[in-house]
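These notes are about the structure you will find just below.
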Amino acid sequence: MKQNVLILFGGQSQEHEVSLKSVTTICNNIDTTQYDIYPVGITKEGEWLFYRGANFDFTRNDWEDKGVPCILNPAAKNGGLMLIREPDEIVKIRIDKVFPVLHGPYGEDGTIQGLCKLAQLPFVGCGILSSAVSMDKAFTKIIVNSVGVPQADFVIVRNSEMSNVKQVVAKIEEHMPYPYFIKPANAGSSVGVSKAHNERELVKGLEEALKHDTKVLVEETIIGREVETAVLGNENLKVSGVGEILAAAEFYDYDAKYNNQSSETIISADLPSDVKEQIRQYAKTIFRAVEGKGLSRIDFFVTEDNQVIFNEINTLPGFTSISMYPMLFEATGINISELVTQLIELASL
C-alpha cells in the first residue's frame, strides 16, 4: 500500500521563494509508485493551501489562487490533513509522513517539527531540539565548542544591548580585530549577513542583522576556501565528498547564492585526501552533537595551511537546481530520486 506523504512548502520566512524551487525539485523526483503526495503550500501570510494540480513547478503554477484551505490537525488520534471546502464541509486525508520543505524560520527552527510531533506524524529531517539549536547560530557555536571542533571566534549581541551602541562596539573591538562577519542568529541562506571593516560598517551591519532577528552573531573573519559536505542518515550516517563554493561576491550572500550566475560550485574540491577526511569526520561529530536526523549540509573553511574551521550547519538544505546537497550525493551515486526516497524512509518522530 502506498504511503501518503504531506509535503509542506513556501512558508513565512524570507526564503519562501527558495522553498518553491526546492519543492519543485522534490515533487518532480518522488517515486509515485511508493508514495501519494499531498503538497500544501504556506503563503507568506501563513495561510495553508492544498494544491490539487498536476503541474509541480511551484515557481510558476497557480497554487495560491486555486489551493484549498487546509490545516494539519495536531490531534494524535484521528488527526491528519483537514481540507476546508466549505464552512460546514471538512474532508479528512490520512497522512503517514510529513516532508517539510521549508527553509528558515517557521520551518527549519523546530516549530513545524513540534506540530508534527503533536500529531504523532513521522517527519523528514532533524527533530525539535536539533532543528532549533542548529538554526540558532549562537547555540550552534556553544555546542561545537563543547566537542572541540575548531571554529571562528565570536561575540553575541542582543537587541537590548543596542541602546548603548558605543559599549557594544567596544566589546567587539576588544575581543577580536576587524574585519567581522555579522549574521542574524536565526536566519538562513545568508539573509541579513554583512562584512564590517570598520566601526561604521559594524554599526550598519548590526542594525541590518537585527531587522531579521533579536540576536546577532559577530564572527572573526577566516581567510580560507569555503567548502561543504552533506550528511544523510539517523544512526548510520552517510557522508558525501567535499564540495567547494567559489562565490561571485566578496562572500557567499543570498544574492551570490541564488541570483548571481557567476558563483560556481565544485563538486569535488581539490584538497589533500586527509583534509577531506578531516572535514567528513568533523561533519559527523557536529551532526551527532546536535542530535541530527535525516539530513544536513555542514559548511567549513579550509585555510592556506589546510586547517579546517567549522562555519555552520543547515538542517534543511536547498534542493534547487544549483544546491550543493543533492549534487554532492549525486556524485556518490545516489541520484535525486533515490535521495528523496531515502529521506522519506528515514522520517521519524
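Structure summary
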| quantity | calculated |
| --- | --- |
| Residues that are open to solvent by less than 60 Å² (accessible area, probe 1.4 Å) and without any contact (Cβ under 8 Å) to a residue 12 or more places away in the chain, drawn from segment 162-176 | 170 |
| Boolean, residue 9 is in contact with a Pro (Cβ under 7 Å, 6 or more places away or on another chain) and part of a strand (DSSP E or B) | yes |
| Any chance residue 295 is touching a Leu at 6+ places or on another chain (Cβ under 6 Å) and touching a residue at least 60 places away in the same chain (Cβ under 8 Å) | yes |
| Cβ-Cβ under 6 Å pairs, at least 6 apart or on other chains, segment 226-249 side over 18 Å from residue 332 (Cα atoms), far side at pLDDT 95 or above and of a type in the set (Lys, Arg) | 234/293 |
| Matching helices (runs of 4 or more DSSP H) fully within segment 62-142 where at least 1 residues are among the polar types (S, T, N, Q) and touching a helix residue (DSSP H, G or I) at 6+ places or on another chain (Cβ under 8 Å) | 111-118, 128-135 |
| The one condition in (1) closer than 23 Å to residue 318 by Cβ; (2) part of a loop (DSSP other than H, G, I, E, B); (3) open to solvent by 50 Å² or more (accessible area, probe 1.4 Å); (4) not acidic (Asp, Glu) that residue 21 fails to fulfil | (2) |
| Residue, surrounded by the fewest Cβ atoms within 10 Å (Cβ to Cβ), within segment 273-311, restricted to residues that are part of a loop (DSSP other than H, G, I, E, B) and acidic (Asp, Glu) | 305 |
| Candidates 315, 320, 341 - the one that is in contact with a strand residue (DSSP E or B) (Cβ under 7 Å, 6 or more places away or on another chain) and surrounded by 15 or more Cβ atoms within 10 Å (Cβ to Cβ) | 315 |
| All positions within segment 25-47 that are outside any strand (DSSP E or B) and open to solvent by 20 Å² or more (accessible area, probe 1.4 Å) | 25, 28, 29, 31, 32, 33, 34, 44, 45, 46, 47 |
| Top-ranked residue of segment 71-101 - restricted to ones that are among the aliphatic types (A, V, I, L, M), within 25 Å of the chain's Cα centre (by Cα) and over 15 Å from residue 20 (Cα atoms), ranked as most open to solvent (accessible area, probe 1.4 Å) | 71 |
| Qualifying positions in segment 143-160 - assigned to a helix (DSSP H, G or I) and surrounded by 15 or more Cβ atoms within 10 Å (Cβ to Cβ) | 143, 144 |
| Output for segment 48-70, where each listed residue is free of Cβ contacts under 8 Å to residues at least 24 places away in the same chain, among the hydrophobic types (A, V, I, L, M, F, W, C) and buried (at least 17 other Cβ atoms within 10 Å of the Cβ) | 49 |
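The values are calculated or read from the model by the stated rules, or taken from the named source; none is laboratory data. Just so it is clear, the model here is predicted, and its values are computed rather than measured. In this analysis, Cβ positions are derived from the backbone assuming ideal geometry, glycine residues included, and neighbour counts consider all displayed protein chains. Quick note on the areas: whole protein, heavy atoms, side chains included, nothing else; ligands and nucleic acids left out. Shrake-Rupley method; radii C 1.70, N 1.55, O 1.52, S 1.80 Å.
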